[in-house]
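Working notes for the structure below.
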Amino acid sequence: MASIIARDLGMQFQQRQLFSGANLHFAEGDCIYLMGDNGSGKTTLMKILAGLQTPSSGSVSAEGFATKKLWQKNTLNGCAVYLHQHPYLYDGTVKDNLKLALELAPADSAGSAIAEALELAKLGHLAKSQASHLSGGERQRLAIARAWLLKPRLLMLDEPVSNMDKESRELVLAMTARLKADGTGLLIASHQHGQLTALCTSRWLIQDGRIATNLDIRFTPSQETHYVLAN
Ligand SMILES: Nc1ncnc2c1ncn2[C@@H]1O[C@H](COP(=O)(O)OP(=O)(O)OP(=O)(O)O)[C@@H](O)[C@H]1O
């Protein structure tokens, strides 16, 4: 089973310690809600687990992935995919962006997958539009459709539904639910507990310089309100 394992992980910027002593296990089949106040370190943690940032202390390793080639120094590269809040899209049309993902996707992905991805993201009518002309919500939908095509074994979503209208939120929810059903491990950072985070079966909380992982997933209504209000 593919997993990312962090041992005694710590991160600080100058004098500011975000977290320390964290032991984490993120694996296929997981669906984890990553919580924490603004600036607590959620994005930083996801970037570390994706191998995009180096932690100040501790180690991160990947298990269950194909062995890297000798020249690939970053052994975490491509293991847990990090989807940025403001995703990077390639120059070109909506369809070009999906085609490019398909070139990197596992060989068993059929050509019809692009049509399915366009349908899932409800972007069929914009297939020939320039990706740079998309609205924020449409960009996010395209980025998730692209991730869906890539079929990552581990995917981290950073605030995937912030600033989205109801329809876009529902589409992202449907795509994420499909990924979850396919067994993709998901780590979702979000300030609002809603339908998307309700998919989660466990939660991590960054607070007071620690990452708590042994938390009950069930929210009481007062906790829900508190979390939404606090953020
Ligand atoms: N490269 C950097 N250099 C210095 N400080 C940084 C750097 N990257 C992040 N920080 C700081 O680390 C803290 C955590 O940032 P991060 O983006 O991980 O928080 P977050 O929990 O994702 O916040 P939000 O909920 O607001 O998105 C912030 O105070 C941020 O300013």
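The values are calculated or read from the model by the stated rules, or taken from the named source; none is laboratory data. All figures in this text were calculated on a predicted structure; none of them were measured in a lab. Reconstructed Cβ throughout: ideal geometry from the backbone, glycine too, with neighbour counts over all protein chains shown.
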Considering region 1-22, residues that are in a strand (DSSP E or B) and without any contact (Cβ under 8 Å) to a residue 40 or more places away in the chain, and then whichever is farthest from the chain's Cα centre (by Cα), we arrive at 16
The condition of being surrounded by fewer than 16 Cβ atoms within 10 Å (Cβ to Cβ), under 18 Å from residue 189 (Cα atoms) and touching a Leu at 6+ places or on another chain (Cβ under 9 Å) holds, among 39, 51, 21, only for 39
When region 23-36 is checked residue by residue, the ones that are over 17 Å from residue 77 (Cβ atoms) and either part of a strand (DSSP E or B) or in contact with a His (Cβ under 8 Å, 6 or more places away or on another chain) (or both) are 23, 24, 25, 27, 31, 32, 33, 34, 35, 36
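A quick yes/no check of all residues on (1) away from the ligand (no atom under 16 Å from the Cβ); (2) part of a loop (DSSP other than H, G, I, E, B); (3) modelled with pLDDT of 85 or more; (4) in contact with a helix residue (DSSP H, G or I) (Cβ under 6 Å, 6 or more places away or on another chain):
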{"residue": "38", "(1), (2), (3), (4)": "no, yes, yes, no"}
{"residue": "46", "(1), (2), (3), (4)": "no, no, yes, no"}
{"residue": "52", "(1), (2), (3), (4)": "no, yes, yes, no"}
{"residue": "67", "(1), (2), (3), (4)": "yes, yes, no, no"}
{"residue": "88", "(1), (2), (3), (4)": "yes, yes, no, no"}
{"residue": "101", "(1), (2), (3), (4)": "yes, no, no, yes"}
{"residue": "118", "(1), (2), (3), (4)": "yes, no, yes, yes"}
Across region 181-216, the tally of residues that are within 12 Å of the ligand (Cβ to nearest atom) and of a type in the set (S, T, N, Q) stands at 3
